1. Residues in region B:200-208: is at least one farther than 30 Å from residue B:35 by Cβ and either touching a residue at least 12 places away in the same chain (Cβ under 8 Å) or not in a helix (DSSP H, G or I) (or both)?
2. Which condition breaks for residue B:97 when tested against (1) more than 21 Å from the chain's Cα centre (by Cα); (2) surrounded by 15 or more Cβ atoms within 10 Å (Cβ to Cβ); (3) under 17 Å from residue B:200 (Cα atoms)?
3. Within region B:146-167, identify whether any single residue is assigned to a helix (DSSP H, G or I), free of Cβ contacts under 8 Å to residues at least 60 places away in the same chain, within 14 Å of chain A (Cβ to nearest Cβ) and under 15 Å from residue B:99 (Cα atoms), and answer yes or no.
4. Residue check: is residue B:216 outside any helix (DSSP H, G or I) and closer than 19 Å to residue B:146 by Cβ?
5. Which of (1) surrounded by fewer than 15 Cβ atoms within 10 Å (Cβ to Cβ); (2) at pLDDT 85 or above; (3) closer than 30 Å to residue B:15 by Cα is the odd one out, the single condition residue B:50 does not satisfy?
6. Going through B:179, B:216 one at a time, which residue ends up being under 27 Å from residue B:93 (Cβ atoms), out of contact with any helix residue (DSSP H, G or I) (no Cβ under 7 Å at 6 or more places or on another chain) and more than 10 Å from every other protein chain (Cβ to nearest Cβ)?
7. Being within 14 Å of chain B (Cβ to nearest Cβ) and free of Cβ contacts under 8 Å to residues at least 12 places away in the same chain, is that true of even one residue in region A:23-32?
8. I'd like to verify a number: residues in region A:142-169 that are outside any helix (DSSP H, G or I) and more than 19 Å from residue B:273 (Cα to Cα), how many?
C-alpha cells in the first residue's frame with residue numbers, strides 16, 4: 001500500500017510547505033475543469049480524493065491529530081458539472097451522468113428537429129466530447145450558445161473547448177513537474193471561473209504571437 | 001506510423017536523450033530479433049513513445065541499458081535498452097502498422113510509385129503475419145482499422161471526427177494493451193484515442209497541398225471545400241490542439257514510475273511543437289527546433 005507521502009510524491013522529511021506545494025500542484029492537475037465532460041472524470045475524482053486523504057493524513061499526523069485543511073483548498077469536486085438541472089431532458093442528463101452515452105444519444109436523436117433547443121445541442125455536444133469527437137462537440141456547443149447566449153452551463157463548456165483549441169492545457173502544465181515554458185497558458189488554470197479561462201486564452205494568444213507561431 | 005509523436009531534443013537533458021535513444025535502439029534491435037533485419041528500417045519514433053510509456057507504467061524493473069555499438073554505426077557506442085516484453089509489443093505494433101500503411105499507400109498511389117512499393121509487400125506481409133500470430137488481438141484490431149479507414153475514404157466522409165475515428169480507435173486499442181489494470185486501461189484508451197486523432201489530422205494537414213493538387217482524399221478539403229489553405233490550417237490547428245489537451249489530461253492521470261521527464265517532453269512539448277512545424281511550410285520537415293532559446 002502506498003504511504004500518503006508516496007501519493008503526494010514527497011519525502012517523509014519534507015517540510016509542511018513542501019507538502020502543501022506538492023498537494024496544490026497535484027490538485028491543480030486533477031482539477032474538475034480539466035475533466036468536465038470527459039470519460040476520465042471519475043478517475044480524476046478518485047485521484048483527487050486520494051491526494052486529499054493523503055494530505056489530511058499527513059497534516060493530522062504532524063499536528064498530532066489536529067484539524068485537517070485540504071477542505072480549504074481544492075476539495076472541490078462538487079456536483080457542479082454533473083447533469084442534474086431540472087429540464088426537459090432530465091432523463092437524458094441522468095443517462096449521461098451514469099455513463100450510458102449510447103442510449104442517451106439514441107433518445108436525443110429521436111427528438112423531432114422542430115423541438116431541438118439549445119439544451120439539446122448542448123447535451124449532444126457533451127456526448128460527442130466524451131466520445132472524443134472534438135470537432136462535432138465544438139460545433140454543437142457553439143450552436144447551443146448561439147441559441148441561448150445567457151446560459152452559463154453552455155458558455156462554460158464552450159469556453160473550456162476554446163481554451164484547449166488555443167493550445168491551453170490542464171492544470172499540470174507549467175507547474176514544477178513540467179518545467180517547460182513557465183509562461184504558458186496552463187499556469188492560469190488554478191481558478192475555474194470564466195474570467196480565468198478568458199485570461200488564459202488571452203495569454204495563449206500572446207504566447208502564440210511572441211514566438212511567431214503564425215496564428 | 002508517421003513520426004509526429006516525438007521528443008524535442010534541444011529541451012532534453014543529455015541523460016534523458018541517451019535513455020530515449022537507448023529505448024529507440026532497443027526497439028530497433030527487438031525488431032531485428034523478432035522480424036528480421038529488414039524490419040528495422042520501418043522503425044518510427046511513435047512506437048518509441050509507446051514502448052517508453054509501457055516501460056514507465058511497469059516501472060521498467062529488471063531491464064538494463066548496455067553500452068554497445070550497433071550495425072548502423074559500428075564505431076560509436078551508445079546505450080541500448082535490453083530486450084523487454086514491452087519492446088516486443090511495441091515492435092509488433094510497428095510492424096503491423098507499417099504493413100497496413102504500405103498497403104494503403106499502394107492502393108492510392110501512382111503507377112510509378114506502385115512499382116517501387118510492390119516488391120516491399122511480400123516481406124511486410126510476412127512480418128505482419130508473424131506479429132499477428134504473436135498478438136492475435138492486435139492483429140484483428142489493425143485489420144479492422146484498415147477496413148474502416150478504407151470505408152471512410154470510399155464514402156468521402158467530410159466529418160473530421162468520423163474520418164479520424166479509425167486511426168483514433170486503433171491507437172486507443174494499442175495503448176490499452178500497455179496495461180492489464182482496467183482502471184489504467186480506461187485512461188490509456190482516452191490517451192490513445194486522442195493520440196490517434198492527433199496523428200491522423202496531422203497527416204491530413206501535412207498532405208493538404210499535395211492532396212489538393214492530386215485530387216486525393218483529404219478530409220480537411222472535403223470539410224472546407226471553399227476555404228483557402230490558410231483558413232483550413234487555422235481551423236485544423238485548433239481542433240488538433242483540442243486533442244493535445246485531451247492527451248495531456250489523460251496522461252496526468254497515469255502513474256508513470258520512471259521516464260517521467262522524457263514523457264513530459266513528448267506530451268507537453270513535442271505534440272505542439274510538431275504541429276507548429278508543419279504549419280510553417282518554409283520550415284525543414286521534422287527539424288527539431290525550439291521556438292525560442294531562453295535559459
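1. yes
2. Going through (1) more than 21 Å from the chain's Cα centre (by Cα); (2) surrounded by 15 or more Cβ atoms within 10 Å (Cβ to Cβ); (3) under 17 Å from residue B:200 (Cα atoms) one by one, residue B:97 breaks only (1).
3. yes
4. Yes: the conditions hold for residue B:216.
5. Condition (1) is where residue B:50 drops out.
6. B:216
7. No, every residue in region A:23-32 fails to be within 14 Å of chain B (Cβ to nearest Cβ) and free of Cβ contacts under 8 Å to residues at least 12 places away in the same chain.
8. 4
The values are calculated or read from the model by the stated rules, or taken from the named source; none is laboratory data. Computed from a predicted structure; not experimentally measured. Quick reminder, even Gly has a Cβ in these numbers, built from the backbone with ideal geometry, and neighbours come from all protein chains shown.
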